[in-house]
Each structure stands twice: as C-alpha cells, then as structure tokens.
Amino acid sequence: MADGGTVARLAARWLEHGHLTRASMTRISLLAAVGAAVWFSRADAVGGLAGSAFLGAVLFCDAVRDRMRADQRDALTLWLAAMLSRLREYTVHLGLVFGAVAAGTGGVWGWAAGALVALALRDSLLTAGSAPAAPGPGPNPERSTPAAQRRTGGFLSDLTPQPPQESRVSDPVLTSRLFGTTVVTASAGTVAHSAVEGENRSEGGPERPTAVTPEPVRRILSFPQPARFLAVAVTATLWDARVTFVTLVVGCVVAVTARLVDSTGHGACR
C-alpha cells in the first residue's frame with residue numbers, strides 16, 4: 001500500500017498535467033478551510049467530523065503543493081502561501097467561535113483572542129530565533145594598513161622602498177617568552193581552554209554537557225500548523241470550542257518554552 005507521501009506525489013504529477021501550480025493549490029486549501037469553518041460552526045459531533053475531514057483536505061493540499069515541480073518558488077508564491085496559511089487558520093477559528101456562540105457557550109470570544117495572541121507570540125519568537133545572524137563588520141581597507149605604511153606619492157610610490165609588511169610579535173607574547181610568565185590573550189585563551197578540555201578527556205574528568213534536542217522532537221514541540229489542525233479536529237469533535245482554544249494556548253506556551261530552553265541550552269554549550 002502506498003503511503004501518504006507517495007499518494008501526494010502521484011497527485012502532484014497528475015495535477016501538474018492539468019496545469020495547476022503551487023499558487024492554485026494554496027487557493028484550493030483556503031476553500032477547504034472555509035468548508036471546515038462552515039461545518040465547525042454547527043458545534044456538534046457531525047460538524048466536528050466533517051470539519052476534521054476538511055482540515056485533512058487542507059493538509060493534503062499542502063503535501064501536494066510541496067511536491068509540485070511546476071513554477072519556481074518565487075517570492076510572490078511564498079508570500080501568498082504564508083498569508084493564505086494564516087488566513088485559513090483564522091477562518092477555522094472564526095467558524096469555531098460562531099458555532100460556540102450559537103450553542104450558548106460563554107466566554108468563547110476571550111479564549112479565541114487569547115489563542116490568537118499566543119499564536120502571534122509563538123510565531124514571532126520562532127521566526128526571530130530562526131533568522132540568520134547579522135554578518136560581522138568586514139575588514140576596513142583604510143584601517144587595515146597603518147598610516148605610516150600607506151603608499152603616498154602617486155605612481156612614483158612603487159619606485160621607493162617600502163617598510164616591511166611582516167607581522168611582528170606582540171609585546172605581551174614577547175614578554176612571556178623572556179620571563180616565562182603566562183599572558184592571557186584571545187588566541188592564548190583559546191589554546192589554554194582546548195588544552196584543559198583535552199586533559200579532562202584523557203584523565204576521565206568531567207566534560208561539559210551538550211544539550212542537543214533531536215530534530216523530530218523539536219519540530220513537534222514547535223507546535224506547527226498541522227499539529228494545531230489536529231488539536232482543533234480532536235477537541236472540536238469530542239468537546240467544544242473553549243477546550244479547543246485552551247489547547248491552542250497551551251500548545252503555543254509549550255512551543256515558546258521549548259524554544260527558550262533550547263536556545264538557552266545552545267548558548268550555554270557555546
């Protein structure tokens with residue numbers, strides 16, 4: 001039996017023959033999310049099951065879109081996918097709120113607002129954490145060469161002797177060689193630190209722990225949209241919208257906490 005990835009790949013090839021693109025699949029997934037919101041607005045078991053089926057169709061559209069080879073992933077396509085991904089999730093939440101209000105559930109608007117705030121915090125933190133670090137300032141050609149060693153005199157400067165450009169031993173290192181003292185510099189500190197670690201490993205001494213979280217666990221703890229849709233499908237079918245929004249808030253809090261702990265652990269290892 002073919003797995004889900006194989007089915008999505010075959011569906012992607014078949015749809016590409018029909019001249020469908022990734023942008024088209026993104027719009028189709030939005031329509032499926034609207035259908036899920038309509039069914040979730042019934043606030044009963046039948047509506048929950050039908051809405052869950054539409055959420056499954058949304059995820060299937062995403063899987064097919066990711067396996068398409070038609071059109072390149074340009075900036076406009078990526079922006080459209082990101083915006084419609086948020087729009088379809090908010091549409092599902094709106095359908096849950098309407099169903100809860102029609103069923104007489106109190107306080108659902110507050111829980112929905114809390115879920116949106118928690119989701120915004122989760123997205124902002126994970127986006128900031130995954131952003132590439134800013135490059136350090138490059139070498140300034142004007143400052144790399146001392147003023148006394150800069151060439152002057154125009155095209156005749158090549159004919160005049162220039163001062164030697166070789167690097168000279170710094171005074172702290174020269175002092176340590178003459179008097180046998182230990183001078184801490186940036187490079188010396190690095191060498192000394194490496195030597196201490198080597199001694200600890202050779203003598204069986206304690207090593208610094210490295211907190212590395214496996215990638216599948218990190219992805220689950222980040223509470224991505226498929227996990228959020230699964231939480232919506234289960235809670236909306238078995239309970240009500242309040243439980244759904246509470247589950248979303250808890251999942252986003254866990255994602256933020258895991259991100260902070262993971263970044264702190266990596267920072268300590270560095």
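Side notes on the structure shown:
- Footprinting exposure proxy ranking of Met83, Met68, fewest other C-beta atoms within 10 angstrom first, gives Met83, Met68.
- Residue order, fewest to most beta carbons within 10 Å, for Glu89, Glu16, Glu215: Glu215, Glu16, Glu89
- Exposure proxy ranking, count of Cβ atoms within 10 Å, fewest first, for Ser263, Ser24: Ser263, Ser24
- A Förster radius of 51 Å, combined with the Cβ-Cβ distance separating Ala103 from Thr21, puts the computed FRET efficiency at roughly 0.80.
- Shape of the stretch 43-104, Cα gyration tensor, a/c cut at 1.5: oblate
A short reminder: the numbers here are calculations on the coordinates, not readings from a lab. Given the structure is predicted, the values throughout are model-derived calculations rather than measurements. With ideal geometry, Cβ positions are generated from the backbone for all residues, glycine too; neighbour counts draw on all protein chains shown.
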